[in-house]
Amino acid sequence: MIGYIYTITTDNGLYVGSTKDFKRRRIEHKSVLKNNPKQLVYKTILSNNGFYKITIYCKVNCRNEKELNFYRTKLYGFSWF
């Protein structure tokens, strides 16, 4: 499968995520931000007046989501702001 490692950046933070469906995940982030922003990543975006940029960092050829998460952790070592 092809997976994506992506970043969400604001003026005051960085989030690193991974997904096998980037388009769907981008829509999910937007929906959660609008409807239930309890996690730190969304609170940070809101504290930045709602401005953020979501970008594909790289594509990864992997066997499953567990392996994709391994690559994300190996590249960044963290996920949250």
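The values are calculated or read from the model by the stated rules, or taken from the named source; none is laboratory data. If you're wondering where the values come from, they're calculated on a predicted model, not measured in any experiment. Cβ atoms come from the backbone with ideal geometry, glycine included; neighbour counts cover every protein chain shown. Side chains included, ligands, DNA and RNA excluded: accessible areas come from the protein's heavy atoms. Shrake-Rupley method; radii C 1.70, N 1.55, O 1.52, S 1.80 Å.
Residues of segment 1-21 being assigned to a loop (DSSP other than H, G, I, E, B) and either surrounded by 14 or more Cβ atoms within 10 Å (Cβ to Cβ) or of a type in the set (Lys, Arg) (or both), which ones? Matches in segment 1-21: LYS20 only.
Applying the condition of being over 21 Å from ARG63 (Cβ atoms) and among the charged types (D, E, K, R) to segment 10-31 and asking which residue is farthest from the chain's Cα centre (by Cα) yields ASP11. Selection within segment 30-62: residues that are without any contact (Cβ under 8 Å) to a residue 12 or more places away in the chain and of a type in the set (Lys, Arg). The member of this set that is farthest from TYR76 (Cα to Cα) is LYS34.
Filtering segment 45-67 to residues that are part of a loop (DSSP other than H, G, I, E, B) and not charged (D, E, K, R) leaves ASN48, ASN49, GLY50, PHE51, TYR52, CYS62, ASN64.
Which residues, counting only those in segment 48-65, are open to solvent by 40 Å² or more (accessible area, probe 1.4 Å), more than 17 Å from THR7 (Cβ to Cβ) and modelled with pLDDT of 95 or more? Hits for segment 48-65 are ASN61, ARG63, ASN64. Quick one: is LEU75 aliphatic (A, V, I, L, M) and open to solvent by 60 Å² or more (accessible area, probe 1.4 Å)? Considered against the rule, which asks whether it is aliphatic (A, V, I, L, M) and open to solvent by 60 Å² or more (accessible area, probe 1.4 Å), LEU75 comes out as yes.
Would you be able to say whether some residue in segment 22-43 is assigned to a strand (DSSP E or B) and open to solvent by 20 Å² or more (accessible area, probe 1.4 Å)? Scanning segment 22-43 turns up no residue that is assigned to a strand (DSSP E or B) and open to solvent by 20 Å² or more (accessible area, probe 1.4 Å). Annotation note: Cβ proximity below 7 Å between a residue of segment 67-78 that is of a type in the set (Phe, Trp, Tyr) and a residue that is at pLDDT 90 or above and open to solvent by less than 80 Å² (accessible area, probe 1.4 Å) (sequence gap 6+ or interchain) occurs for TYR71/ILE5; TYR71/VAL60; TYR71/CYS62; TYR76/VAL16; PHE78/VAL16.
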